[in-house]
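Taking it in order: structure first as structure tokens, then the write-up.
Please treat every number below as a calculation from the coordinates, not as lab data. These numbers were taken from a predicted model, which means no experiment stands behind them. Glycine gets a Cβ as well: all are built from the backbone with ideal geometry, and neighbour counts include every protein chain shown.
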Amino acid sequence: MTKQYSGSLMLISLHGYVAGSPELGKPDTGGQVVFVMELAKRFARLGYNVDVLTRQFENQPTEDRINDNLRVWRIPFGGPGFIRKEDMHDWYGDFVSNALAAIRRHGLMYDVVNSHYWDAGVSGQKIAEELQIPHIHTPHSLGGWKAQDMKSLEEG
């Protein structure tokens, strides 16, 4: 049996202000958000349908349609206020449940999940397992090394 491909990709980036034109300099909004959105735009230009899943907060719209092939899709979890990426871990289960419910409600199919940073990696793995599709993870930074570098800066 041959697998049918949908031509749709799911990118997950949970923290910061993810948007077609991100507000750089806001908390947790910098290089990773730019990278994810530029990657998504490139995939869309190649003809893929791309959904960038992120967290909905501060009265953000559920969806930002960037072009015919690309949207930012905000999934509510963790309440209406901003949550720092370091404090989001208690709500990852809610993100997974809410994202899967929305995907099923809309009858969506994806060929792959591409998660960004460890927070999205945990959630992306659970979503990929549930949807029985591959998961590709992009770490962006390695927490242990980052923590050691920060400690060195504080000491120096």
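Restricting segment 19-93 to GluC sites (Glu not before Pro) that sit in a DSSP loop and have at most 13 other Cβ atoms within 10 Å of their own Cβ leaves 23, 58.
Bridging of residue 85 to aspartates and glutamates at a Cα separation below 17 Å is possible for 23, 28, 58, 94, 119, once same-chain residues fewer than 8 apart are set aside. The separation of segment 85-129 from segment 6-81, counted between C-alpha centres, amounts to 13 Å.
Using 0.36 nm per residue and subtracting the Cα-Cα separation, the extra length available between residue 82 and residue 102 on full extension is 5.0 nm.
Computing FRET efficiency as 1/(1 + (r/R0)^6) for residue 59 and residue 132, where r is the C-beta to C-beta distance and R0 is 41 Å, gives about 0.75. Each 10 Å bin from 0 upward holds the following percent of the Cα-Cα pairs of segment 8-155: 11, 43, 35, 9, 2, 0.
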